[in-house]
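Derivation of every value follows stated rules applied to the coordinates shown; laboratory data play no part. Being a predicted model, the structure only gives us computed values, none of them experimental. Methodologically, a virtual Cβ is constructed for each residue, glycine included, from the backbone with ideal geometry; neighbour enumeration extends over all protein chains shown.
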């Protein structure tokens, strides 16, 4: 046995919790691929399990239904993408850098999994179930507020002319819009840049007069 052989160590065996977490992540990744490729209606539990390399039993040991899997997958990636944007925005302070960062993040969402393809499916399910609608309204409120609270840096002193929630929603809604996917040149980042620069230049960090609404 060589000295090298004697020093080789095997990776530590995963605990049951770690193994379950890894399985769940792989199933969510597989679900994202299948749902974005085939849509909610066209995707099946069998296909998702096969894509992940697991049995249907493994799927049902982690998710009770196709609906539960879809919601978990959407939340996992949507929150992850919002967290990534927040991390990038935390790293910059200059107004132009903040705007450029938001634009670059939005344009980077074109890779898989592209949740923009699933927004219509999510809206359809939410309209059919008030509990789902309420749950995701809360999720989006939190997400948009986190993003908006960082975007206020584009205004001097962080004095945004619009509520933080609306500022975050502006960027996130444009980013997840579907129309720009059909255009060969215009991107979500282009639109976000126009909107944020217009707000910054129009108000210069000064809130509008009481009772005045933004056009």
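With a Förster radius of 22 Å applied to the C-beta separation of residue 104 and residue 173, the computed FRET efficiency comes to 0.80. Computed over region 13-63, the percent of Cα pairs more than 18 Å apart is 28. Note on region 33-94: the alpha carbon radius of gyration divided by the globular reference 2.2 N^0.38 Å gives 1.46.
Taking 7 Å along the Cα-to-C-beta vector as the label spot, tell me the residue 134-residue 201 distance in nanometres, rounded to one decimal. Once both label points are built, they end up 4.5 nm from each other.
Measuring r between the beta carbons of residue 41 and residue 13 and using R0 = 41 Å, the FRET efficiency lands at 0.55.
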